[in-house]
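Q: Quick one: this structure, given as structure tokens, is what I'll be asking you about.
The values are calculated or read from the model by the stated rules, or taken from the named source; none is laboratory data. Note that the coordinates shown come from a computational prediction; the quantities given were computed from them, not determined experimentally. A quick note on method: Cβ atoms are made from the backbone with ideal geometry, for glycine too, and the neighbour counts reach across all protein chains shown. Areas reflect the complete protein model, heavy atoms only, side chains present, ligands, DNA and RNA absent. Shrake-Rupley method; radii C 1.70, N 1.55, O 1.52, S 1.80 Å.
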Amino acid sequence: MTILFYDLVGHDTQRPFSPHCWKTKMALAHKGLDATKVPTRFLEVPKVEGGVSKTVPVIRDGDRVVADSFAIALYLDEAYPERPTLFSGEGGKAMARFIERWSQLTIHPYVATVALTDLNAMQDETNARYFRESREQSYGKRLEDVVAGRDAGLAGFRASLKPLRSMFSYQPFIGGEAPLFADYIVFGALQWARIASPYRLLEADDSVAQWFERCLDLHGGTGRQVAAAA
């Protein structure tokens, strides 16, 4: 039975943008598993699988429903052990937990600063109203005022990626010679930016940008199936 994959979209169902859904998309591709995408907008999430989660991704695999990108990756490795591993053991799981915390505390806040107004523009009218109201309440200011700080924060953001640059000086992926789920965590954050906004986060000669290009090429170019924002 094909896995159902609830994937966050805006008014264009062919441009899924969620960093967390991209983690799951890459994890499914890594495992070589077919999945049927169920395009899901923000206001539809509470109805997914009877309200199992406040967020997506969510997958249904037969009778099993799993929410949260990390939990999904753990499930896929446990349910399909004969397929390529996403973690390569308990140490890989622990490492991925650290990478997830680091990405969400370091990369996600700046990407949001860059892309909030672009993300709002990707929604239909009703979902755009929800997005603006919920995000402006969270930030305590207008989306436009948040995005106005992106140029000032760019140098600091690029500097924060120095640990990755150092790592890529001696191995091609966070997982070593081949990607693991830890790679897809960081990839998802940068893919979020790539799809939502034309703002340039990284210079082409940056080793992090070069790693990101390698990730876009993985699994038959899964990451390139959605074009970058123009």
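Q: Has segment 177-184 got any residue that is assigned to a loop (DSSP other than H, G, I, E, B), surrounded by 14 or more Cβ atoms within 10 Å (Cβ to Cβ) and in contact with a strand residue (DSSP E or B) (Cβ under 6 Å, 6 or more places away or on another chain)?
A: Yes; the residues of segment 177-184 include at least one that is assigned to a loop (DSSP other than H, G, I, E, B), surrounded by 14 or more Cβ atoms within 10 Å (Cβ to Cβ) and in contact with a strand residue (DSSP E or B) (Cβ under 6 Å, 6 or more places away or on another chain).
Q: Could you list, in sequence order, the residues of segment 60-75 that are surrounded by 16 or more Cβ atoms within 10 Å (Cβ to Cβ) and not polar (S, T, N, Q)? Outline the logic, then answer.
A: So in segment 60-75, the residues surrounded by 16 or more Cβ atoms within 10 Å (Cβ to Cβ) come out as 60-61, 65-70, 72-75.
Within segment 60-75, R60, D61, V65, V66, A67, D68, F70, I72, A73, L74, Y75 qualify.
Q: Separate question: Which condition does V48 not pass, out of (1) part of a helix (DSSP H, G or I); (2) closer than 24 Å to Y130 by Cα; (3) in contact with a helix residue (DSSP H, G or I) (Cβ under 7 Å, 6 or more places away or on another chain); (4) among the β-branched types (V, I, T), if it passes all the others?
A: (3)
Q: For G92, only one of the following conditions fails: (1) open to solvent by 60 Å² or more (accessible area, probe 1.4 Å); (2) more than 15 Å from G188 (Cβ to Cβ). What is its number?
A: Among (1) open to solvent by 60 Å² or more (accessible area, probe 1.4 Å); (2) more than 15 Å from G188 (Cβ to Cβ), the lone unmet condition for G92 is (1).
Q: Is at least one residue of segment 140-157 at pLDDT 95 or above and under 26 Å from T222 (Cβ atoms)? It would help to see each step written out before you state the result.
A: Restricting attention to segment 140-157, the residues satisfying the condition of being at pLDDT 95 or above are 140-157.
Now restrict to residues that are under 26 Å from T222 (Cβ atoms): 157.
Yes: one or more hits.
Q: Restricting to segment 7-18, give me the number of residues that are open to solvent by 10 Å² or more (accessible area, probe 1.4 Å) and either under 17 Å from Q225 (Cα atoms) or modelled with pLDDT under 95 (or both).
A: Adding up the residues that qualify gives 5.
Q: Any chance segment 115-130 includes a residue that's under 21 Å from R41 (Cβ atoms), surrounded by fewer than 17 Cβ atoms within 10 Å (Cβ to Cβ) and of a type in the set (K, R)?
A: yes
Q: Within segment 131-140, take every residue that is farther than 16 Å from R41 by Cα and open to solvent by less than 90 Å² (accessible area, probe 1.4 Å) and give me the one that is nearest to the chain's Cα centre (by Cα).
A: E136
Q: Right, something else. Taking segment 204-226 only, how many residues are out of contact with any Pro (no Cβ under 8 Å at 6 or more places or on another chain), in contact (Cβ under 8 Å) with a residue 12 or more places away in the chain and not in a helix (DSSP H, G or I)?
A: Here the count works out to 1.
Q: Counting only residues that are of a type in the set (A, V, I, L, M, F, W, C) and in a loop (DSSP other than H, G, I, E, B), which one in segment 135-176 is farthest from K25 (Cα to Cα)?
A: The qualifying residue farthest from K25 (Cα to Cα) is A148.
Q: Restricting attention to segment 70-86, does a residue exist that is of a type in the set (S, T, N, Q), modelled with pLDDT of 95 or more and under 23 Å from V45 (Cβ atoms)? Break it down into steps so the answer makes sense when it comes.
A: From segment 70-86, those of a type in the set (S, T, N, Q) are 85; that's our starting set.
If we keep only those that are modelled with pLDDT of 95 or more as well, we get 85.
Retained after the next criterion (residues that are under 23 Å from V45 (Cβ atoms)): none.
No, there is no match, as no residue in segment 70-86 is of a type in the set (S, T, N, Q), modelled with pLDDT of 95 or more and under 23 Å from V45 (Cβ atoms).
Q: Among the residues of segment 28-35, is there at least one that is within 17 Å of I174 (Cβ to Cβ), touching a residue at least 40 places away in the same chain (Cβ under 8 Å), in a helix (DSSP H, G or I) and open to solvent by 10 Å² or more (accessible area, probe 1.4 Å)?
A: yes
Q: Shifting gears a bit: Please specify each residue of segment 187-221 satisfying the condition of being closer than 16 Å to A29 by Cβ, touching a Lys or Arg at 6+ places or on another chain (Cβ under 8 Å) and open to solvent by less than 10 Å² (accessible area, probe 1.4 Å).
A: The answer is F187, G188, L216.
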